[in-house]
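Asker: Following this message is one structure expressed as structure tokens.
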Amino acid sequence: MKIEKQFLKGVKDMDFDKVNEYIENLYKKEGVDKKTYIDNTSFKDFIPVVDQDVSRFLSLVLCLTNATSVLEIGTSIGYSTVSMANTIKSNDGKIITVEFDNIVAKQAKENFIRSGVDDIIDIRIGDAKEILPSLNEKFDLIFLDVDKRLYKPLLGECIRLLKENGVLLAEDTLFPVIDLDEKWHYLIPAIEEFNHAIVASEEIQSTILPIGDGVTVAVKKKK
Ligand SMILES: C[S@@+](CC[C@H](N)C(=O)[O-])C[C@H]1O[C@@H](n2cnc3c(N)ncnc32)[C@H](O)[C@@H]1O
């Protein structure tokens, strides 16, 4: 009866700002505090990192899937890397993270040492377009957070590098519909292409969650 009433009442509208504020207040102590992490980072001229809700989500997916081998494409100062490393370090987990900017990679390395996770993170400095085809091991989880124009070109490599039932997470996939700063508008067509390619792929099953700037969650199907 109660359920039926609730069902009839329905949801009139969902104010995402209110929803986000509620969730952030509830979970503000969970995960790696983004503000403190950035305050502790001396190099400030880096490409934006994921929001704290996305870092919590990465951590949750790693727990849910028992993942221990992770590939991250796009390190920046390593905020998402540290969030993932904290989750898998007690499980003997390992992360390979790829970054082509030497300066930011050096800062990421310092942050890994300060965070006590340096020993489980292998930072590969170079272009993801060249590094990915050179990898042979398979991963439980791949986090794609690089130049958005590389998302679609790298999709085939990501699928190849995933184990069966492995998870691909891709950040910023709601760029086409969110209120995005104009300076990033040039990236929207690339995200549109990626979103359509991932839906069309028969090798993976996916959806997009409205957290951060949109996170695609995809699973590589069993053959
Ligand atoms: C959005 S940032 C990564 C943020 C990070 N995942 C986090 O949340 O802490 C994207 C990074 O990808 C790097 N990048 C861009 N193109 C690349 C390429 N072709 N190969 C490797 N790294 C690249 C940029 O230098 C930038 O630091």
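Asker: Assuming 1.567 mPa s and 4 °C, estimate D for the stretch 47-220 with Stokes-Einstein, Rh taken as the Kirkwood radius over Cα pairs, in µm²/s.
Answerer: 81
Asker: What relative contact order, as a whole-number percentage, does the stretch 90-223 give when Cα pairs under 8 Å and 6 or more residues apart are counted?
Answerer: 22
Asker: Put 148, 163, 129, 18 in order of accessible area, largest first, 1.4 Å probe: what do you get?
Answerer: The residues order as 18, 129, 163, 148, largest area first.
Asker: For a quick check of understanding: with a 1.4 angstrom probe and all protein chains in place, what accessible area in square angstrom does residue 21 have, to the nearest ten?
Answerer: So the heavy atoms of residue 21 present about 120 Å² to solvent.
Asker: Could I ask something else about it? Once the Cα atoms of the stretch 22-108 are picked out, what are the Rg and Dmax in Å?
Answerer: When restricted to the Cα atoms of the stretch 22-108, Rg and Dmax are 13.1, 38 Å.
Asker: As a test of reading the structure, rank 185, 196 by solvent-accessible area (1.4 Å probe, protein chains only), most first.
Answerer: I get 196, 185, largest accessible area first.
Asker: How many nm separate the modelled label positions at residue 90 and residue 66, each set 7 Å beyond the Cα in the direction of the Cβ?
Answerer: 1.6
Asker: Could you compute the FRET efficiency for residue 135 and residue 45, with r as their C-beta to C-beta distance and R0 at 45 Å, rounded to 0.05?
Answerer: 0.95
Asker: So for the stretch 121-165, averaging the separation of alpha carbon pairs under 8 Å that are six or more residues apart and normalising by length, what relative contact order in percent results?
Answerer: It comes to 48 percent, rounded to a whole number.
Asker: About the Cα centre of the chain, how large is the charge dipole given +1 on each Lys and Arg Cβ and -1 on each Asp and Glu Cβ? Please answer in debye to the nearest 20.
Answerer: That gives a dipole near 720 debye.
The values are calculated or read from the model by the stated rules, or taken from the named source; none is laboratory data. Since this is a predicted model, take the numbers as computed values, not measurements. Using ideal geometry, Cβ is built from the backbone for each residue, glycine included, and neighbour counts are taken over all protein chains shown. For accessibility, only protein heavy atoms count, side chains too; no ligands or nucleic acids. Shrake-Rupley method; radii C 1.70, N 1.55, O 1.52, S 1.80 Å.
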